[in-house]
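Structure first, then comments.
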Amino acid sequence: MKTFVLPGTDLVVPAIVTGMMRIQDKSDAEVQALYEASLAAGISFFDHAAVYGSEMHGCERRFAEALTLTPSQRDGIILQTKVGIVRQDGPYFDFSHDEIVSSVDASLAALGTDRIDILLLHRPDALVEPEEVARAFDELEAQGKVRHFGVSNHSPAQVELLKRWVRQPLVANQLQLSITHADLITQGMSINMGAHDQSVDRTIGTLDYCRLHDITIQAWSPFQAGFFNGPFLGNPDYPELNAVIDRLAATYDVPTEAIAIAWITRHPARMQVVTGTTNPDRVTAGAKGADIVLTKVEWYELYRAAGHLVP
């Protein structure tokens, strides 16, 4: 598994992250199998969020109950979680000091750990007061409860607003990205092509901003065709793309999931890919993609086959 030092931290991280969004209803044996398959594939990074599960902190609690990690096992993995989405009376977003601190305390209790390695602000709070975020981050860092901080689904300007008050590096921005849901990449490709919708930059230059500021993009939903509307792998709506994926999978002697992930990890931004599957075999299959370096011809062939314009 390809690894690198996450900029702004002392953490050596794998290129693939196992997401824990869907484990709430899984048995101990199923969670253990997912965990063991991740470790066997070189994935020691596990992504959580307070809102994941049928109840707040439900997936975090399920993870801890199923695994009962020893101190040395806990030291061997990286735990990331997110704050800011509130269900009660909502949903709504809340980046207040009290909500951030109380959510972290609840995550620590649910996960049965004394620290969170990386804490992300989950989705932008329109009513954010950055000085409140900064106060919470300072407190959590000083108490040793959180080691590093980042954001999720944030624009460059939203990050800059936080950075005006927050003194810790914001080391990650978790964003949706797949071959077919690729606005982060495609819109920059079509700049100044006014007749094409692809030239309208709805991402506001987020990819280049993150590269310029050493913020690691964590790509979520790498197999999703769009926004939670099903995978593109094997989907008859994407015949040309799947034909190319199948051929490259045969060329590299890997499963198709590996090609979908290799398309993301080939990008020089050195992104991490967050998988959301609870199937251990799919984790194993996808992990093979981290060590494949697609040629530029192959990368652009996938890009075109997904329907993206090369001007």
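Each reported figure results from applying straightforward, stated rules to the coordinates on display, with no laboratory input. Quick caveat, the model's predicted, so the values are computed rather than measured. Please note: Cβ atoms are built from the backbone with ideal geometry, for glycine as well, and neighbour counts cover all protein chains shown.
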Between GLN176 and residues 5 or more places away or on another chain, the pairs with built amide H atoms under 5 Å apart involve TRP220
Dimensionless Rg/Rh of the range 109-183, both radii on Cα and Rh by Kirkwood, sits at 1.02
HN-Hα couplings for the range 161-172 via Karplus (6.51, -1.76, 1.60; θ = phi - 60°), in whole Hz with x for Gly/Pro, come out as 4, 5, 5, 5, 10, 6, 8, 6, x, 8, 8, 8
In degrees rounded to 10, the 0-90 angle between helix 296-305 Cα long axis and the longest Cα principal axis of the chain is 90 degrees
Restricting to aspartates and glutamates and to Cα separations under 16 Å from LYS2, and discarding same-chain partners fewer than 8 apart, the set is ASP291
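Please work out how much length the chain gains when fully extended from VAL12 to VAL310, using 0.36 nm per residue of separation minus the C-alpha to C-alpha distance, in nm with one decimal.
Computed gain between VAL12 and VAL310 is 103.7 nm.
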Under a Gaussian network model of the chain whose springs join Cα atoms within less than 10 Å, the largest fluctuation of GLN174, GLN88, GLN187 belongs to GLN88
Within the set GLY42, GLY289, GLY76, GNM on the chain using Cα springs under 10 Å gives the largest fluctuation to GLY76
If N is the residue count of the range 52-185, its Cα Rg over 2.2 N^0.38 Å rounds to 1.07
Diffing the range 279-287: the Karplus 3J(HN,Hα) column from phi (6.51, -1.76, 1.60, θ = phi - 60°), in whole Hz with x for Gly and Pro, holds 8, x, 5, 6, 4, 4, 5, x, 4
Computed, not fitted: 222 nm per-residue ellipticity of the chain from DSSP H runs ≥ 4 (each -39500 (n - 2.57)), nearest 500, equal to -11500 deg cm²/dmol
Taking R0 as 30 Å and r as the Cβ-Cβ distance between GLU240 and MET193, the FRET efficiency 1/(1 + (r/R0)^6), rounded to the nearest 0.05, comes to 0.85
Contour minus Cα-Cα span, GLU36 to THR3, at 0.36 nm per residue, comes to 10.0 nm
Highest GNM mean-square fluctuation among GLN176, GLN168, GLN143, for the chain with Cα springs under 10 Å, belongs to GLN143
Once both label points are put 7 Å beyond Cα along the C-beta direction, the ALA250-HIS213 separation in nm becomes 4.6 nm
Spelling it out for ASN235: with amide H atoms placed in the peptide plane at 1.01 Å from N, the residues 5 or more places away or on another chain with amide H under 5 Å from its amide H are none
Counting sequence-distant residues (5 or more places) and residues on other chains, those with an amide H built under 5 Å from that of GLY53 are CYS59
Tilt, helix 58-67 to longest principal axis of the chain (alpha-carbon atoms), in degrees rounded to tens, equals 90 degrees
Computed on Cα atoms, the radius of gyration and Dmax of the chain in angstrom are 19.1, 58
If the chain between ARG87 and TRP299 were fully extended at 0.36 nm per residue, the gain over the current Cα-Cα distance would be 72.3 nm
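Roughly how big is the chain's charge dipole about its Cα centre, with Cβ charges of +1 (Lys, Arg) and -1 (Asp, Glu), in debye to the nearest 20?
On the way: 25 positive and 39 negative charges, 128 e Å.
Computed charge dipole of the chain: roughly 620 debye.
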Sequence order, the range 128-142: Karplus ³J(HN,Hα) from phi using 6.51 cos²θ - 1.76 cosθ + 1.60, θ = phi - 60°, Hz rounded, Gly and Pro as x, gives 4, 10, x, 5, 5, 4, 4, 5, 5, 4, 4, 5, 5, 5, 4
The rounded separation in angstrom of the Cα centers of the range 231-294 and the range 1-56 is 18 Å
